[in-house]
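Some notes on the structure that comes next.
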Amino acid sequence: MGEQFSSEPCDFRQLVNYIDGIALWIASEPGNFEYISAGVENIWGIPAETLQNDPSRVLDGIHPDDRERVRSFMQQPAGQIANESYEGRVVRTDGTTRWVHTRQIPIRNDDGNLTRVVGITTDITEQKQREKEFAALNRILRHDIRNDLAIILGWGELLEDHLDEEGTKLLDKILSSANHVIELTEIARDYAQTIADRGDMDVKPVSLQAVVTQEVDVRREVFPEAEFRFTDPVPDLGVVANEMLTSVFRNLFNNAVQHNDTDTPIVEISFEVGDEDVVICIADNGPGIPDEQKASIFEEGERGLESSGTGIGLYLVQTLVAQYDGDVWIDDNTPTGSVFHVRLSKAS
């Protein structure tokens with residue numbers, strides 16, 4: 001027979017001790033700890049037993065700029081303690097700084113009297129570093145690259161009147177490439193923002209009519225050779241999303257034209273409105289997508305159809321729609337092309 005497991009019950013506190021970057025604490029009242037898990041040493045750099053015996057060490061380890069705010073939570077009267085979260089910085093004994101997120105949960109008896117406060121403190125230093133890096137990336141994408149490209153486009157348009165026919169053709173290619181780079185900066189910016197917000201993306205009612213109409217108007221200017229048609233009126237309703245919903249339709253509309261091999265790309269937009277959701281259908285007359293590619297077209301880095309793009313546009317679409325608790329899928333169009341379907345929940 002194999003090894004027998006002990007029949008002794010496992011205390012949850014034994015499990016918590018093995019989780020890196022997380023500290024669990026239980027207090028009979030603010031600042032009076034009954035239990036602190038071993039994980040606190042990885043955050044504060046001080047053994048749990050030391051902090052439990054001398055609670056003032058917890059507050060002393062908070063960054064001076066955050067100390068008063070954290071102190072206000074720790075010194076709340078029992079009747080005012082609520083289920084809430086806050087962030088702060090911990091200065092370890094070796095001088096390094098860690099960002100932490102703390103959630104405190106009051107436990108009350110049937111009479112409403114406080115019996116315990118349970119807290120979970122999580123090390124979010126890496127998350128904060130990513131946010132800082134993405135903020136820097138966004139500044140570069142929003143300002144430096146886009147501003148330089150705007151200058152290139154401006155000078156290029158002024159140059160147009162000074163060129164012969166052959167030179168004008170070459171200039172058109174340069175301007176087209178510059179506009180393409182601007183599109184890529186928008187995708188990269190949205191992608192970076194999505195990664196930074198992953199798991200913590202707020203949603204709210206967003207006007208479907210405003211977003212779709214605006215994106216179609218912009219795409220008509222960007223792709224004058226294409227035809228964008230509404231086969232149904234755009235529903236005047238709110239959907240569960242956020243401001244990044246524009247990125248969903250921008251990428252789908254771009255995809256419908258950029259991968260289209262016809263002289264006149266045609267994009268038809270229709271809507272199926274249900275009781276609780278709405279499905280937006282974006283059909284094109286392009287070459288279509290092979291069945292073996294349909295399952296992987298939304299994967300990160302998937303280019304497909306000999307694409308020269310980043311390979312993240314459709315992945316970004318799928319990621320955003322999933323965070324809105326929606327769906328996106330592909331069908332074949334008739335006689336040729338593809339139909340992208342986006343299902344979004346109607347806002348209440």
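Quick note: the coordinates plus some simple rules give every number you see, no bench work behind them. Since this is a predicted model, take the numbers as computed values, not measurements. Positions of Cβ are generated from backbone atoms using ideal geometry, with glycine treated the same way; all protein chains shown enter the neighbour counts.
Once the Cβ-Cβ distance between residue 103 and residue 168 is put in as r, and R0 is 51 Å, what FRET efficiency do you end up with, to the nearest 0.05?
Values: r = 62 Å, r/R0 = 1.22.
So the FRET efficiency works out to roughly 0.25.
In nm, to one decimal, how far is the modelled label at residue 294 from the one at residue 347, with both set 7 Å along Cα→Cβ?
Modelled inter-label distance: 3.3 nm.
If every alpha-carbon in the stretch 12-123 counts as one equal scatterer, what log10 I(q)/I(0) does Debye give at q = 0.10, 0.19, 0.23 1/Å?
-0.26, -0.97, -1.42
By how many nm would the segment from residue 65 to residue 213 grow when fully extended, if each residue of separation counts as 0.36 nm and the alpha-carbon distance is taken off? Spell out each step's value before the answer.
Details: separation 148, 0.36 × 148 = 53.28 nm, distance 4.63 nm.
Contour length minus the Cα-Cα distance gives 48.7 nm.
Want the number for residue 111 to residue 133: 0.36 nm per residue separation, take away the alpha-carbon distance, what's left? Walk me through the numbers before you get to the answer.
Working: separation 22, 0.36 × 22 = 7.92 nm, distance 4.86 nm.
The residue 111-residue 133 span can extend by a further 3.1 nm.
Just to be sure I follow: if Rg is taken over the C-alpha atoms of the stretch 201-348 and Rh is the Kirkwood radius over the same atoms, what is Rg/Rh?
Working: Rg = 14.4 Å, Rh = 15.4 Å.
When Rh is taken as the Kirkwood radius, the ratio is 0.94.
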